[in-house]
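Undergrad: To start, I am sharing the structure in question, which I have written as structure tokens.
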Amino acid sequence: MDMAVPGLHQAAPYAGMPTWYAASANPAPQRPVLQGAQRATVCVIGAGFTGLSVALELAEKGIDVIVLESERVGWGASGRNGGQLINGYSRGLDVLEARHGPDVARALGAVALEGAAIIRDRVARYGIACDLVDGGLGVALTAKQMRGLEEEQQVWAAHGHAGITVLDREALRAHVQSDRYVGGILDPLRGHFHPLNYLLGEAAAFEQLGGRLFEHSRVTQVDDSGPRPRVVTAQGEVTADTLVVCGNAYLGKTLPWLSGQIMPVSSQVVTTEPLGDLAAQLLPSNACVEDANYILDYFRRTADGRLLYGGGIVYGGQDPASVEAKIRPGLIKTFPQLKDAKLEFAWSGTFAMTLSRMPQIGRLSPKVFYSHGDSGHGVTTTQLLGRLLGEAIAGQHARFDVFADLPHPPFPGGQRFRAPLSTLGSLWYTLRDRLGV
Ligand SMILES: Cc1cc2nc3c(=O)[nH]c(=O)nc-3n(C[C@H](O)[C@H](O)[C@H](O)COP(=O)(O)OP(=O)(O)OC[C@H]3O[C@@H](n4cnc5c(N)ncnc54)[C@H](O)[C@@H]3O)c2cc1C
């Protein structure tokens, strides 16, 4: 794969592998490394969507915040994902009602559109240049999946989101020029953006409000034994009244109990070369697309006229030997028109999955909060959870508690067997997708 792409940055330092996002990132300063002993009201671990969402929320309230990032802003899943704003959670509100009852489902439904609204608000308020486009599709490969999407539309309508349209095969072709799909749903409140540029915009806004952000400052130790939590990095330490842990799948061994609650899962993404007019022919309305398979494919146009196509997951979070070999077959199946198109970027990223597929937020102690486990649908949920963490730290717990009170079951098989057991489970669901049963 040729990485010398005209018009894009040659250096793509973010993900340890060259991402189109890093290559097309807006100019941003390198933030300092934490040195010496610092004091803050709130310290946040991780500058991904969750960490920056809570940091900005608190900075807007005038609270003094330090963010510590192990690598660079957006280095984790947040700066490498499909960039799709998908509303709600990795489990439908009907499933959540069956699990937790109508009151909990109603409370979760009441905030399910707020994450995307936060993104749209911040983009407008801070003038963030991140190619935000409205509109997204869920598409079905089988009649059974189509029935599922129709039910999804009805469930959303029952929770007050009446704007979703059901599209039959013909109507869908106005949005996706592929023979693969039997139909779909169009949600105008979905959308897509350049996630890394959004994060860089949030980071700049946070700093303008007085927030302090340190890069290449990995927290290696959390000491919660004194009156205030203290975190330690290679060259410094921060003591804060409150600590918020937002390291998600990249937290590693810093807080072993937290890492044991989730399973790292990697997903892979490629971008083609710029396609000229063909990009608009393939996706005429510029809506983003996610299929309804258990292991799903997701794709969209980029602002410079490429197709960005992702899919294929690896339980345990490892990178596959070849991202291109994993993703190209699905891409060609969807768009045979691209069989000769060159893939200019290919990368992998890791998100955190929970057994319930619902995010987990809570407290490790009265002064140590955490949020993780958006289970592959985190672009909007992380914004919401950042806001709820900000509210809880400021003393308003009601909306935070809706999520914090959800059960947090661990994976069967523990850290050793959770990945092979989940792989087995997903093979079963993939087979059902193929057979359409
Ligand atoms: C390839 C891919 C495609 C995806 N596509 C979509 C999509 O289209 N739509 C969607 O809704 N969701 C998508 N997701 C999921 C979504 O990206 C994640 O749910 C979301 O980004 C998680 O954000 P986060 O802030 O919790 O974690 P992250 O973005 O992973 O951020 C965690 C940060 O914490 C830092 N960190 C970790 N440990 C420490 C430490 N000890 N000290 C300091 N810093 C630390 C890491 O370096 C990292 O920057 C995708 C995920 C992947 C991987």
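Undergrad: Work out how much length residue 41 to residue 125 would gain on full extension: take 0.36 nm times their residue separation and subtract the Cα-Cα distance, in nm to one decimal.
TA: 27.7 nm
Undergrad: Subtracting the Cα-Cα distance from 0.36 nm times the residue separation, let me have the gained length for residue 94 to residue 277 in nm, one decimal.
TA: So the extension gain works out to 61.8 nm.
Undergrad: Taking only protein heavy atoms and a 1.4 Å probe, what accessible area per residue, in Å², does the chain have with all protein chains in place?
TA: Heavy-atom SASA per residue in the chain reads 39 Å².
Undergrad: Please state the shape class of region 106-180: rounded when a/c is under 1.5, otherwise prolate if a/b exceeds b/c and oblate if not, all from the C-alpha gyration tensor.
TA: Taking the square roots of the gyration eigenvalues as a ≥ b ≥ c, region 106-180 is oblate.
Undergrad: Once the Cα atoms of helix 143-158 and of the chain are each reduced to a long axis, what angle between those two axes, in degrees from 0 to 90 to the nearest 10, is obtained?
TA: Taking Cα atoms only, the helix is inclined about 50 degrees.
Undergrad: If 228, 357 are ordered by their accessible area, calculated over protein heavy atoms with a 1.4 Å probe, which sequence runs from highest to lowest?
TA: 228, 357
Undergrad: If you don't mind, there's one more thing I want to ask. Would you mind estimating how fast region 296-346 diffuses translationally, via Stokes-Einstein at 25 °C and 0.890 mPa s with the Kirkwood radius over Cα pairs, in µm²/s?
TA: Value of D from the Cα-based Kirkwood radius: 207 µm²/s.
Undergrad: From the backbone phi of region 128-141, what are the Karplus-calculated ³J(HN,Hα) couplings (6.51 cos²θ - 1.76 cosθ + 1.60, θ = phi - 60°) in whole Hz, Gly and Pro given as x?
TA: Ordered by residue, 3J(HN,Hα) equals 7, 7, 9, 6, 5, 10, 7, x, x, 10, x, 10, 10, 9 Hz.
Undergrad: Enumerate the amide H contacts of residue 374 below 5 Å, restricted to partners 5 or more residues apart or on another chain; note that Pro and chain-start residues carry no placed amide H.
TA: It is 352, by chain and number.
Undergrad: What ranking, highest mean first, results for peptides 111-118, 238-245 when packing means the other Cβ atoms within 10 Å averaged over each residue?
TA: Taking the mean over residues of other Cβ atoms within 10 Å, the ranking is 238-245, 111-118.
Undergrad: Expressed as a whole percentage, what fraction of the accessible surface of the chain belongs to carbon and sulfur atoms when a 1.4 Å probe is rolled over the protein heavy atoms?
TA: Summing carbon and sulfur atoms, their accessible area is 55 percent of the total for the chain.
Undergrad: Of 259, 294, 229, whose Cα points farthest to the positive end of the dipole of region 220-294 (charges on the beta-carbon: +1 Lys, Arg; -1 Asp, Glu; origin at the Cα centre)?
TA: Sorting the options by dipole projection puts first 229.
Undergrad: For the ranges 314-323, 339-348, what's the packing order if you count other beta-carbon atoms within 10 Å of each residue, average per peptide, and put the highest first?
TA: Ranked by mean Cβ neighbours within 10 Å, highest first: 339-348, 314-323.
Undergrad: Amide H neighbours of residue 362 under 5 Å, counting only residues 5+ apart in sequence or on other chains, H built in-plane at 1.01 Å?
TA: Those lying under 5 Å, H to H, from residue 362 are 370.
Undergrad: Using the Karplus equation 6.51 cos²θ - 1.76 cosθ + 1.60 (θ = phi - 60°), what ³J(HN,Hα) coupling, rounded to whole Hz, does each residue of region 68-85 give in order, writing x for Gly and Pro?
TA: Per-residue couplings from phi come out as 10, 10, 4, 10, 10, 3, x, 5, x, 4, 5, x, 10, 7, x, x, 9, 8 Hz.
Undergrad: Explain nothing, just compute: Karplus ³J(HN,Hα) = 6.51 cos²θ - 1.76 cosθ + 1.60, θ = phi - 60°, for every residue of region 108-116 in order, whole Hz, x for Gly and Pro.
TA: With the stated coefficients, region 108-116 comes to 5, x, 5, 10, 5, 9, 6, x, 5 Hz.
Undergrad: Shifting gears a bit: About its Cα centre, how strong a charge dipole does the chain have in debye, to the nearest 20, once Lys and Arg get +1 and Asp and Glu get -1 at the Cβ?
TA: 700
Undergrad: Now a separate question. Taking a probe of 1.4 angstrom, what is the accessible area of residue 170 in Å², to the nearest 10?
TA: 130
Undergrad: Taking the chain as the region of interest, what is the percent of Cα-Cα pairs per 20 angstrom bin, listed from the shortest bin to the one with the maximum distance?
TA: Reading upward from the zero bin: 27, 60, 13, 0.
Undergrad: Could you work out how far apart the two model spin labels at residue 60 and residue 171 are, taking each label as a point 7 Å from the Cα in the direction of the beta carbon, and quote it in nm?
TA: 3.5
Undergrad: Output the 0 to 90 degree angle, nearest 10, between the alpha-carbon long axis of helix 49-60 and the longest principal axis computed from the alpha carbons of the chain.
TA: 50
The values are calculated or read from the model by the stated rules, or taken from the named source; none is laboratory data. Here the structure is a predicted model, which means the values were calculated and not measured. Heads up, the Cβs are rebuilt from the backbone with ideal geometry, glycines too, and the neighbour counts pull from every protein chain shown. Just so you know, the surface numbers come from the protein's heavy atoms only, side chains and all, with ligands and any DNA or RNA stripped out. Shrake-Rupley method; radii C 1.70, N 1.55, O 1.52, S 1.80 Å.
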